[in-house]
Amino acid sequence: MNRIRKFTEAIEANKFQEVIEEVKKMIEKTIEKSGGEFKSFVESFIKDPKEVKIEGFINDSDIYDFYLKYRNQIDECLNDVKFFDKPASETGSFGLYEYTINGTQAAVVEFVKELSK
C-alpha cells in the first residue's frame, strides 16, 4: 500500500500533471481517429495495455521519444511504484532499450489509471 500512497501523494501534488495531460491528449486523438468514448477507452487500456493502442504511442521509437520528453516524471513514477525493484527479465526486457520502452509503457499505464478516476 505504501507505493500506491506515495504515487497518490505525487499525483495530488500535481507532479505528473504535464505528462498526464499529454497522455490524455493522445487518447483523445486516438478516439478522434477510431471512434469510441474516452471512459471506455481508458478502461479497456487499463485492462489490456498490450492490445489497446494509443495513437502516437505505438512504435518503440515514439515511446522512446515520449520517454526522452518526460523522463523525469516517468522515472519518478516508476520509482514510486517500485518498477526498478524488479529484475529486468521480469519486465520482459533483455536490453537497455527494451527496458526503457517497457518502463515507459508501465508508467503510461499508471498515468492512464489516474485519468480513470
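The values are calculated or read from the model by the stated rules, or taken from the named source; none is laboratory data. No experiment lies behind these values; they were computed from the predicted model shown. With ideal geometry, Cβ positions are generated from the backbone for all residues, glycine too; neighbour counts draw on all protein chains shown.
Structural remarks
- If you filter segment 52-68 down to residues that are free of Cβ contacts under 8 Å to residues at least 24 places away in the same chain and charged (D, E, K, R), you find that the one that is surrounded by the fewest Cβ atoms within 10 Å (Cβ to Cβ) is Lys53.
- Matching residues, segment 98-117, being closer than 20 Å to Phe38 by Cα, surrounded by 17 or more Cβ atoms within 10 Å (Cβ to Cβ) and among the β-branched types (Val, Ile, Thr): Val108, Val112
- Qualifying residues in segment 78-97 (those that are within 21 Å of Phe45 (Cβ to Cβ) and modelled with pLDDT of 95 or more) - the one surrounded by the fewest Cβ atoms within 10 Å (Cβ to Cβ): Leu78
- Residue match in segment 66-85 (condition: more than 19 Å from Ile20 (Cα to Cα), out of contact with any Cys (no Cβ under 6 Å at 6 or more places or on another chain) and part of a helix (DSSP H, G or I)): yes
- Residues of segment 93-112 that are closer than 19 Å to Lys53 by Cβ and either over 16 Å from the mean Cα position of the chain (by Cα) or among the acidic types (Asp, Glu) (or both): Glu98, Glu110.
- Look at (1) of a type in the set (Lys, Arg); (2) in contact (Cβ under 8 Å) with a residue 60 or more places away in the chain; (3) more than 14 Å from Glu110 (Cβ to Cβ) and you find that Lys15 fails only one, number (3).
- Some residue of segment 18-38 being exposed (fewer than 14 other Cβ atoms within 10 Å of the Cβ) and either in contact with a strand residue (DSSP E or B) (Cβ under 9 Å, 6 or more places away or on another chain) or of a type in the set (S, T, N, Q) (or both): yes
- Arg5, sole failed condition from (1) under 22 Å from Cys77 (Cα atoms); (2) at pLDDT 85 or above: (2)
- Candidate set from segment 39-51 (those that are touching a residue at least 12 places away in the same chain (Cβ under 8 Å) and either in contact with a helix residue (DSSP H, G or I) (Cβ under 8 Å, 6 or more places away or on another chain) or not in a helix (DSSP H, G or I) (or both)); member that is nearest to Glu110 (Cα to Cα): Ile46
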